[in-house]
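**Q** To start, I am sharing the structure in question, which I have written as structure tokens.
The values are calculated or read from the model by the stated rules, or taken from the named source; none is laboratory data. A quick note: this is a predicted structure, and the numbers were derived from the prediction, not measured. All Cβ positions, even for glycine, are placed from backbone atoms using ideal geometry, and neighbour counts span all protein chains on display. Heads up: the accessible areas ignore ligands, DNA and RNA and are worked out on the full protein's heavy atoms, side chains in. Shrake-Rupley method; radii C 1.70, N 1.55, O 1.52, S 1.80 Å.
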Amino acid sequence: MTAVLGFGGYVPERVMTNEDWSRLVDTTDEWITSRTGIKERRFAAEDESTLDLSEQAALVAMKDAGLNPDDIDEIVVATDTPEVYTPDTASLLQDRLGCRNVPTYDLGGSGCAGWIQAIDVARARIAFEPKKVLVVGVELISRLISWEDRATCVLFGDAAGAVVLGPGGGKATLVDVISGTDGSKADILTLQTGGTRHPFTVDSAAAGDHQRLDMKGSEVFREAVRRMSSVTLDLLERLDKDIDDIALLIPHQANKRIIDAVGQKLGIADERVFVNVDRYGNTGSATVPFGLWEAYEGGRIQPGDLVVLTAFGAGFHWASAALQF
Ligand code: UT7
């Protein structure tokens, strides 16, 4: 069965607080805290980009796994904020890390559920052929969203998380993953400009359309709670486990109110639900692998623990994964 051989995470140093945002757009610490639970987030330095964040998280995960770049057999990067339009961030990461000429690919556009989908793909690849697969979730959202739209800009931050998966041994077993998609809800969270339907033009750039994240906030909220709780219950049922078997639930960190609502729906005690959204905001596909690394590194996970990950994102996608430590 697929194993996690090593965990990694990285956040840039620069801290952007709610007070910082309140000096740039019409918002307040009180509004952001009460609606989202976010107090601060990290933003990449000007000379940092997606590849730098990916590299740092990957180095930590490879070190934790006791592996060298030469040992990696495949690389998957889940991101909506790639290093460049083409090629994929994963091929640039292969070169940066000094890996062999192993296959690489990005899983893009899946928003915040992208990394759990990526480990689902990776475990299928490993089942087919025993490999060591580096799976990164990375987002540098501060570079691609509007710094003028108060409804979205205050929500996000930059981060990267990574694991190395392999065919056995390691620190935890990836027991199961369930994911799903409702493409009819693609419009509730979308950035349209830049694709073939709405290519970049001078006018669209001048209007800032390339940074316009259209988000139906309350609909996303509702779907997030509904889907993360139901996919987690489906996963537990398939594993013949119940809520009390979960030592730690690591949900996508978009909004503390969403996390609380999922916790209530599942009937899981607060102390068994991981939260770091207050310190990092929503870091897209990085929240789950980065949170997993923080929990692991901070000693919140013990041998024998069942850890459940769950996420939702633009698509509309949702996914849950179970790790047995
Ligand atoms: O990874 C997926 C990413 N997205 C999400 O997870 C989003 C899910 N949704 C949410 O987290 C919440 O819906 C939000 C945090 C986005 C918004 O919270 P809400 O309680 O649903 O607020 P609302 O959209 O109902 O907005 C309430 C008011 C509006 O003003 P009016 O129309 O009532 O006068 C907004 O214009 O709050 C206003 N508002 C703000 N005010 C101060 C929106 N953003 C801000 C802001 N500061 N930053």
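**Q** Looking only at segment 253-269, count every residue that is touching a residue at least 24 places away in the same chain (Cβ under 8 Å), away from the ligand (no atom under 12 Å from the Cβ) and among the polar types (S, T, N, Q) and tell me the total.
**A** Here the count works out to 0.
**Q** Quick one: in segment 197-208, which of the residues that are farther than 15 Å from GLU148 by Cβ and of a type outside the set (Lys, Arg) is farthest from the ligand (Cβ to nearest atom)?
**A** Only one residue tops the list, namely VAL202.
**Q** Could you grab me the full set of residues in segment 151-173 that are within 11 Å of the ligand (Cβ to nearest atom) and either touching an Asp or Glu at 6+ places or on another chain (Cβ under 6 Å) or open to solvent by 10 Å² or more (accessible area, probe 1.4 Å) (or both)?
**A** Across segment 151-173, the qualifying residues are ALA151, LEU155, PHE156.
**Q** How many residues does segment 100-114 hold that are open to solvent by 20 Å² or more (accessible area, probe 1.4 Å) and part of a loop (DSSP other than H, G, I, E, B)?
**A** Residues that pass the stated criteria total 4.
**Q** Name the pairs: first residue in segment 11-39 and closer than 25 Å to TRP293 by Cβ, second residue modelled with pLDDT under 95 and buried (at least 17 other Cβ atoms within 10 Å of the Cβ), Cβ to Cβ under 6 Å, at least 6 apart or on different chains?
**A** Partner pairs satisfying both residue conditions: none exist.
**Q** Of all the residues that make up segment 4-39, how many are closer than 30 Å to PRO130 by Cβ and aromatic (Phe, Trp, Tyr)?
**A** Here the count works out to 2.
**Q** Residues in segment 182-191: is at least one within 16 Å of the ligand (Cβ to nearest atom) and within 30 Å of ARG96 (Cα to Cα)?
**A** Yes, segment 182-191 has at least one match.
**Q** Let me ask something else. I'd like to know if segment 197-207 contains one or more residues that are in contact (Cβ under 8 Å) with a residue 60 or more places away in the chain and either under 20 Å from the mean Cα position of the chain (by Cα) or surrounded by fewer than 17 Cβ atoms within 10 Å (Cβ to Cβ) (or both).
**A** No: zero hits.
**Q** Oh, and also: Among the listed residues ILE38, ILE75, which satisfies the condition of being touching a Cys at 6+ places or on another chain (Cβ under 8 Å) and within 24 Å of GLY313 (Cα to Cα)?
**A** Only one candidate qualifies: ILE75.
**Q** Between residues in segment 156-171 that are farther than 18 Å from ILE75 by Cβ and residues that are of a type in the set (Ser, Thr, Tyr) and open to solvent by 10 Å² or more (accessible area, probe 1.4 Å), which pairs lie under 8 Å by C-beta distance while being six or more apart or on different chains?
**A** Every condition considered, the pairs that remain are PHE156/SER142; GLY157/SER142; GLY157/TYR280; ASP158/SER142; ALA159/TYR10; ALA159/TYR280; LYS171/TYR296.
**Q** Do you know which residues across segment 209-252 are in contact with a strand residue (DSSP E or B) (Cβ under 6 Å, 6 or more places away or on another chain), farther than 15 Å from SER179 by Cβ and either within 16 Å of the ligand (Cβ to nearest atom) or open to solvent by 60 Å² or more (accessible area, probe 1.4 Å) (or both)?
**A** Of everything in segment 209-252, those that are in contact with a strand residue (DSSP E or B) (Cβ under 6 Å, 6 or more places away or on another chain), farther than 15 Å from SER179 by Cβ and either within 16 Å of the ligand (Cβ to nearest atom) or open to solvent by 60 Å² or more (accessible area, probe 1.4 Å) (or both) turn out to be ASP214, MET215, VAL220, ASP245, ILE250.
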